[in-house]
Amino acid sequence: SGNPDELRSFLAGSVACDAITGLGLGGAAVTTCSACSSSLGAIALGVTLLQTGAADLVVAGGYDTISEYAWGGFNSLRVVAAGPLRPFSKAREGMKLAEGYGIVVLERGSDAAARRATPIVTVAGWGESADAHHLTRPHPDGFGASRAMNDAIARASVSLSEIGLIAAHATGTSENDAAEFRAISSVLGDRLAEVPVVAFKSHLGHTLGGAGVVELILSALAIRDQLVPPCANVTAQEVEYPSLRLSTGRAEHRTIRSSLNTSLGFGGANTSVVLTPPSALSRRTI
């Protein structure tokens with residue numbers, strides 16, 4: 001149209017500013033960009049701002065649109081499945097693109113208690129890494145992913161015995177699932193066969209930059225309800241890795257003292273977050 005102002009809406013920062021216009025929110029508006037771990041990284045940044053006293057309340061999340069450009073890019077890599085998304089399955093074909101968003105409100109536990117709010121969960125810890133192994137492929141041994149997971153667990157000050165649920169990135173692509181399995185195996189060790197792994201993308205598809213926060217919200221509800229949801233499109237017999245306890249079949253009532261969410265982005269951008277029930281509030285949790 002010859003109007004250069006139309007290019008403004010292409011920039012992520014402009015989209016964020018437009019989204020909060022009229023909401024009465026003050027302070028900084030910041031966008032993060034770490035591929036498919038972007039929204040989980042935004043939550044990690046929000047937690048850091050609260051812990052350092054740079055902010056008293058943070059609205060964080062993520063969103064990505066489906067477009068011919070995005071679909072064409074993933075399809076050119078031959079990672080788009082013709083059939084259902086079947087994570088960790090022997091017959092997995094690849095990912096399914098989806099569109100969605102998720103937004104959470106973060107505040108210090110002490111502030112929530114002061115105003116008598118009832119938090120859903122506590123963000124107990126986070127970890128990030130950049131393995132920079134390849135433009136698109138993860139490190140085959142999952143080194144970057146395992147480092148992010150271990151850092152999140154260490155920051156949360158929880159033991160491996162307290163991890164009752166893992167929300168895997170689980171895109172259904174051959175190399176991502178294999179590397180993530182190795183990372184989970186490295187982190188859990190002898191507990192690998194005991195901890196249920198959920199794959200929310202089997203129900204939702206891959207919401208790209210929004211995936212981390214969308215799946216974190218579902219993990220928060222799993223903790224609230226003490227319920228492990230099943231994976232879609234995969235039976236226990238079809239799981240490629242016998243030692244992986246992929247949740248299949250029906251939902252399972254189970255004590256979940258903490259959960260571990262992981263988002264793994266192109267270029268080796270890895271983010272993990274540990275959630276605990278709100279009863280675990282302390283000075284450094286949200």
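The values are calculated or read from the model by the stated rules, or taken from the named source; none is laboratory data. Since the structure is predicted, the reported quantities are computational estimates derived from the model, not experimental observations. Backbone-built Cβ (ideal geometry, glycine too); neighbour counts: all protein chains shown. Remember, those area values only see protein heavy atoms, side chains included, never the ligands or the DNA or RNA. Shrake-Rupley method; radii C 1.70, N 1.55, O 1.52, S 1.80 Å.
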> Yes or no: residue 170 open to solvent by less than 20 Å² (accessible area, probe 1.4 Å), outside any helix (DSSP H, G or I) and of a type in the set (A, V, I, L, M)?
Replying inline: yes
>> When the residues of the stretch 49-83 are narrowed to those that are in a helix (DSSP H, G or I) and in contact (Cβ under 8 Å) with a residue 12 or more places away in the chain, which ends up surrounded by the most Cβ atoms within 10 Å (Cβ to Cβ)?
In response: 50
>> Against the conditions (1) in a helix (DSSP H, G or I); (2) modelled with pLDDT under 95, where does residue 213 fall short? Just the number, please.
In response: (2)
> What are the residues in the stretch 1-47 that are aliphatic (A, V, I, L, M), open to solvent by less than 90 Å² (accessible area, probe 1.4 Å) and in a loop (DSSP other than H, G, I, E, B), if any?
Replying inline: 25, 29, 35
>> Show the residue pairs meeting these rules: Cβ distance below 6 Å; 6+ apart or different chains; first residue within the stretch 1-27 and farther than 19 Å from residue 102 by Cβ and at pLDDT below 75; second residue surrounded by 10 or more Cβ atoms within 10 Å (Cβ to Cβ) and not acidic (Asp, Glu).
In response: 8/14
> Taking residue 50, is it within 24 Å of residue 262 (Cβ to Cβ) and over 22 Å from the mean Cα position of the chain (by Cα)?
Replying inline: no
>> I'm checking my understanding of the structure. Among residues of the stretch 128-162 that are open to solvent by 60 Å² or more (accessible area, probe 1.4 Å) and polar (S, T, N, Q), which one is nearest to residue 263 (Cα to Cα)?
In response: 150
> (1) modelled with pLDDT of 95 or more; (2) small (Gly, Ala, Ser); (3) surrounded by fewer than 20 Cβ atoms within 10 Å (Cβ to Cβ): which one isn't true of residue 125, the others all being true?
Replying inline: (3)
> Looking at (1) assigned to a helix (DSSP H, G or I); (2) surrounded by 15 or more Cβ atoms within 10 Å (Cβ to Cβ), which is the one condition that is false for residue 110?
Replying inline: (2)
>> Can you tell me which residue is nearest to residue 121 (Cα to Cα) among those in the stretch 239-251 that are in contact with a strand residue (DSSP E or B) (Cβ under 8 Å, 6 or more places away or on another chain) and open to solvent by less than 60 Å² (accessible area, probe 1.4 Å)?
In response: 251
> Here are some residues: 175, 180. Which one is within 29 Å of residue 81 (Cα to Cα), more than 16 Å from the chain's Cα centre (by Cα) and not in a loop (DSSP other than H, G, I, E, B)?
Replying inline: 175
>> Name the single residue that is surrounded by the most Cβ atoms within 10 Å (Cβ to Cβ) among those in the stretch 173-202 being among the aliphatic types (A, V, I, L, M) and closer than 18 Å to residue 251 by Cα.
In response: 199
>> Of everything in the stretch 169-198, what is of a type in the set (Gly, Ala, Ser) and under 23 Å from residue 257 (Cβ atoms)? Give them in sequence order.
In response: 170, 183, 185, 186, 189, 193
